[in-house]
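Values in this text are rule-based calculations from the coordinates and carry no lab data. Keep in mind that what you see is a predicted model, and the values were worked out from it rather than measured. Positions of Cβ are backbone-derived with ideal geometry, glycine not excepted, and every protein chain shown enters the neighbour counts.
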4 protein chains.
Amino acid sequence: MSEVVRSDAGWLSREEMDAARERLPIVYVDAVPVQVDAQGVVTAVGLLLRIGGDGQVKRALVSGRVRYHERVRSALLRHLEKDLGPLALPRVPPAPQPFTVAEYFPTPGVTPFHDPRQHAVSLAYVVPVEGDCVPQQDALELTWFTPDEARDPGVLAELAGGQGTLLLQALAHLGV
Amino acid sequence: MSEVVRSDAGWLSREEMDAARERLPIVYVDAVPVQVDAQGVVTAVGLLLRIGGDGQVKRALVSGRVRYHERVRSALLRHLEKDLGPLALPRVPPAPQPFTVAEYFPTPGVTPFHDPRQHAVSLAYVVPVEGDCVPQQDALELTWFTPDEARDPGVLAELAGGQGTLLLQALAHLGV
Amino acid sequence: MSEVVRSDAGWLSREEMDAARERLPIVYVDAVPVQVDAQGVVTAVGLLLRIGGDGQVKRALVSGRVRYHERVRSALLRHLEKDLGPLALPRVPPAPQPFTVAEYFPTPGVTPFHDPRQHAVSLAYVVPVEGDCVPQQDALELTWFTPDEARDPGVLAELAGGQGTLLLQALAHLGV
Amino acid sequence: MSEVVRSDAGWLSREEMDAARERLPIVYVDAVPVQVDAQGVVTAVGLLLRIGGDGQVKRALVSGRVRYHERVRSALLRHLEKDLGPLALPRVPPAPQPFTVAEYFPTPGVTPFHDPRQHAVSLAYVVPVEGDCVPQQDALELTWFTPDEARDPGVLAELAGGQGTLLLQALAHLGV
């Protein structure tokens, strides 16, 4: 009950959310889940397999909107738990500075990022996960790729909406 | 006219905007205008003098929302021009990574940042300005402070909504 | 044995090191050890109590030089283990971007940072530690401070060489 | 003369420098010169054409060591002026946080960066230039590439020592 009450103001009816999406940029977070070794070097990057709105199977990063009265880090944890399960043990970075900001436009070509549903401004973070990931809800599978495998054009092409570019930006930021 | 047409989708009636502000986090930008010397060292920080909604005179950073279908950097430039005038020659940083993200909550005390009107998630940037600043519209005055003067508790206390904290974060980031 | 062989090239006699310190900037790392809660929010900052070269007891961050042919992250881990013990479980950030660069000059006043022995250019990182810290070697004690306690002018004044400034920069970067 | 006096402490004989390079990591800076439009969007990246130590013509970023008692930003400006000429008007970023740290190892393969002469730890910055660039000294030519041209595998392959990777990291950081 308390969960419902607390989140109340952050929940919109589908119609209200659709209306907002046509008028305002929506605050989003993107998380790149990674596995690290004892030295903190990234050894693997996790990509979800999802069924998109168009029925197509696509790879995806962990991504979602920030609710009204929700902290950015709470939104990150909520979406990580929703997609990777409750035992993933994500280590959300202690500082709020994202490694980049991805601007998803409803019109393709304005930026490398595209979302036909909305204009989303997304804060992007790399998040080490230390536990067991069990994909949840609309995520069919989580696959771990080495940084080299993740950079493969075939893998990148399976990411929709420009998330292939965002993944490359994350790998560049990580220096791997 | 072209301004009206171009911005059309980004404009909401006051009622619609008020409704959205009670339901969704709003995307904002904060800019800390600075003067730099030939080596790029910050020599002065610019603070606006504004009349707030409550009729009180307060100091403020350059701050405002990002419109629908507007790039973050375009929003930064729009608010800088609105507050500092058309001859300020702001040098918006080439990379989208902000130095921090300020989360303004309508409830005081959740974060250091507070905005009674809305939940705003604000990308914060330091922006060198090279031209002449002439405050516009509801900005009464722009005052340049040395970094040491800006850190003065008396000056910081004149900044509302936690922007004193944001200014200290900017100075810390600048290493001055 | 392999440790000695591998580190061989990175070890200089005291005389050679002293000579180098008068001629070249030395690559350093600074680490701010922190404790975080389940959401990744920093709840405590760890400061060492050390006996300085002058026999004075001072607080200090974890700090030390990078050896020849040593990775920056390996140097961070080596100094964290040396000061906090082998069970501290430090989580070195996966990306090489430091939150700032502290330039310690042998002449006071050039920057906020001062080291009478040398010119050191130090890459500064915030490092969450998840295990048990047991100060080692010349570190007498490790004390955990809440962010508010750490900001206390009395505590900051006990940090030598400008590390009080670096601690404030870390807290500003963390948004706490 | 004043140049010689001021830099005195930072100058080592060739023999001393060679000895130091075999024993200590050397502090370096890398600068990626860029041209930006009125919105601060990067429109071109500048690459030098140099004759390397081996007599080969190679493309290169602006790069060089930090001297004893020299600020990082002064070293950046010195190397930019040395390579691009005195009228380039570089805008060194106001904050010391680099976009990444490149670790050049004398042994290939430890990191993506390699320098047979030394172990260099290099702070990397993107630097907008607003003036006229006239290559100097051992730089034969400066060529401006659009971001897309710069990403071309043929161009990247002409950069030695892993600077192709560093250029890609800069482009990823810039979001272009």
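Numerical summary
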item	result
Whole-Hz couplings from phi, Karplus 6.51/-1.76/1.60, listed for segment A:107-123; x for Gly and Pro	9, x, x, 5, 10, x, 10, 9, 9, x, 7, 5, 9, 10, 10, 10, 7
For the protein assembly as shown: lysine pairs under 30 Å (alpha-carbon distance), excluding those fewer than 8 apart on one chain	4
Nearest residue to the symmetry axis between A and D, taken on chain A by its Cβ, in whole Å	A:ALA172, 2
nm² value of the averaged projected area, convex hull over the Cα atoms of the protein assembly as shown	31.8
A:ASP54-A:GLU16 FRET efficiency (beta carbon distance; Förster radius 30 Å; 0.05 resolution)	0.80
Net +/- balance of residues flanking B:SER122 in space, Cβ distance below 10 Å, scoring K and R +1, D and E -1	-2
Net charge over other residues, Cβ less than 11 angstrom from the Cβ of C:VAL66 (K, R count +1; D, E count -1)	+3
Computed label-point distance, nm, for sites A:ASP148 and D:ASP37 using a 7 Å Cα→Cβ extension	3.9
Charge sum, other residues only, whose C-beta stays under 11 Å from B:ALA19's C-beta, Lys/Arg counted +1 and Asp/Glu -1	-1
Amide H contacts of C:HIS119 (H built 1.01 Å from N, under 5 Å, at least 5 apart or other chain)	C:ILE26
For B:VAL62, residues with placed amide H under 5 Å, excluding near neighbours	B:ALA31
Size of charge dipole - segment A:106-168 - debye, nearest 20, with Cβ of Lys, Arg +1 and Asp, Glu -1, no other charges	360
Cα gyration tensor of segment B:21-176 - equivalent ellipsoid semi-axes, whole Å, descending	22, 18, 16
In order through segment D:145-157: 3J(HN,Hα) via Karplus (6.51 cos²θ - 1.76 cosθ + 1.60), integer Hz, x for Gly, Pro	10, 5, x, 5, 4, 5, 7, 4, x, x, 5, 4, 5
Antiparallel bridges, percent of DSSP beta bridges restricted to chain B (to nearest 5)	65
B:VAL126 long-range amide H proximity, modeled H, under 5 Å	B:VAL32, B:PHE99
